Every structure is written in C-alpha cells, then in structure tokens.
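Colleague: The structure under discussion is supplied below as structure tokens; questions concerning it will follow.
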Amino acid sequence: MTDTAAEMAALFQQLHKLFKALPGQAGALVSGSSKLVVLGPDQEVIDSQPGLKKALLFVRRLTPEEAAQIDGGQASIKLVRKGGRIQYPLDLGEVAAAVRQLLSAEEIVKYMDSDSRLTAAKLKQLGYELNVEVPAKLRIRGDIQFHLAQVLAGHQARSGGVEEAD
C-alpha cells in the first residue's frame, strides 16, 4: 500500500470511529445504507446530509502533515461539541517566557491564575524554570503564585525592565 493510500485508510478508519458514535446521519454510512462517492465539479448529491458533508470537507482540508500524524497514531480525529475547548499540553518554557515579559506582580499573578493547568506542583516547576526558589512551606497555589510574582517583579524593577532569558 502506498503512503497516500495508507494515510487515506487511516483517515477513513478515524471517520468510521467518529461516525459509529453518532446516531442518525453518520450511522447510515457506518451501517452501509449510505455510501461514499466521488463527485465531479458540477455534480451534487440531491439528498445531502449536513453532518457527512462537513466531515468530508474536514478530511479534504487536512494537511499532509496532519494526515501523516493520524496515520502514525500521534493524532486522532475527535468530535468537539460547539463551545468545547481543546486543552494543549503545558509548556513551562513558554509560560516562563511569557511571565518574564510581564512587569508588575499583579500582571504576573493574573497571568498564572488564568491557566488552570498551573497547579501548585507545576508552579514549583515553573519556579525552577524561572530560577526562583520556591520555599517548601509554600503549598497552596495562590501562595506560590504570589511568591513567584513578588520575586520576579522585584528582579525586573532592579534590572529596569524585562529580563532576558538565560
């Protein structure tokens, strides 16, 4: 099987899983009562099903990199309900860089408080990333945020602005 065929097979396998979980429209494709066809530029399906149409448009818009990730198992296709959010992995290096750009302790606390992924344990790791020692007695998220913000704001005030990354 060619790489392109393998990628498409993986895409359709993912779509099959997705449609299997959905009642109604997608279930018809999975059960075999509907079929996929190739349409020319001037052709259109008369009995259009919006869910299927959106899924096929989604597949057409996948980049070769995304298709390869799906084929390799590093990514998958999931249904996200309207209003749903995708939570990305926390990169403490990026958080540290963003925090270093903030000037006041208030801004720093507000930034850290806005990310629920920054638990007390992650904030201690962030302190290490920022070269700020977090005392062992600090265990509550808010206390650690306040400590980090005070130390960083003090460093920045003494250095006259934004710190450079090490």
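The values are calculated or read from the model by the stated rules, or taken from the named source; none is laboratory data. Fair warning: this is a prediction, and the values are worked out from it, not measured in the lab. Note that each Cβ is placed from the backbone with ideal geometry, even for glycine, and that neighbours are counted across all protein chains shown.
Colleague: Among the numbered conditions (1) on the phi < 0 side of the Ramachandran plot; (2) not assigned by TED's automatic domain parsing to the domain that holds Gln13, tell me where Ala67 comes up short.
Modeller: Result: Ala67 fails condition (2) only.
Colleague: Report, by residue number, each residue of the range 55-112 that is hydroxyl-bearing (Ser, Thr, Tyr), surrounded by 11 or more Cβ atoms within 10 Å (Cβ to Cβ) and within 27 Å of Leu126 (Cβ to Cβ).
Modeller: If we filter the range 55-112 for residues that are hydroxyl-bearing (Ser, Thr, Tyr), which is where we start, we get 63, 76, 88, 104, 111.
Imposing the further condition that a residue be surrounded by 11 or more Cβ atoms within 10 Å (Cβ to Cβ) reduces the set to 76, 104, 111.
Ser104, Tyr111 - these are the residues of the range 55-112 that are hydroxyl-bearing (Ser, Thr, Tyr), surrounded by 11 or more Cβ atoms within 10 Å (Cβ to Cβ) and within 27 Å of Leu126 (Cβ to Cβ).
Colleague: Of Gln125, Gln74, which residue is more than 30 Å from Phe12 (Cα to Cα) and under 23 Å from the mean Cα position of the chain (by Cα)? Lay out the reasoning, then the answer.
Modeller: Numbers: Gln74 fails: more than 30 Å from Phe12 (Cα to Cα).
Every option except Gln125 fails the conditions.
Colleague: Could you go through the range 1-20 and let me know if any residue there is farther than 29 Å from Ser116 by Cβ, assigned to a loop (DSSP other than H, G, I, E, B), modelled with pLDDT of 65 or more and more than 23 Å from the chain's Cα centre (by Cα).
Modeller: Checked against the condition, which is being farther than 29 Å from Ser116 by Cβ, assigned to a loop (DSSP other than H, G, I, E, B), modelled with pLDDT of 65 or more and more than 23 Å from the chain's Cα centre (by Cα), the range 1-20 yields at least one hit.
Colleague: Considering the range 90-141 alone, what residues qualify as being basic (Lys, Arg), more than 18 Å from Ala157 (Cβ to Cβ) and free of Cβ contacts under 8 Å to residues at least 24 places away in the same chain?
Modeller: Quick first cut of the range 90-141, residues basic (Lys, Arg) only: 100, 110, 117, 122, 124, 137, 139, 141.
Next cut, more than 18 Å from Ala157 (Cβ to Cβ) only: 117, 122, 124, 137, 139, 141.
Result: Lys124, Lys137, Arg139, Arg141.
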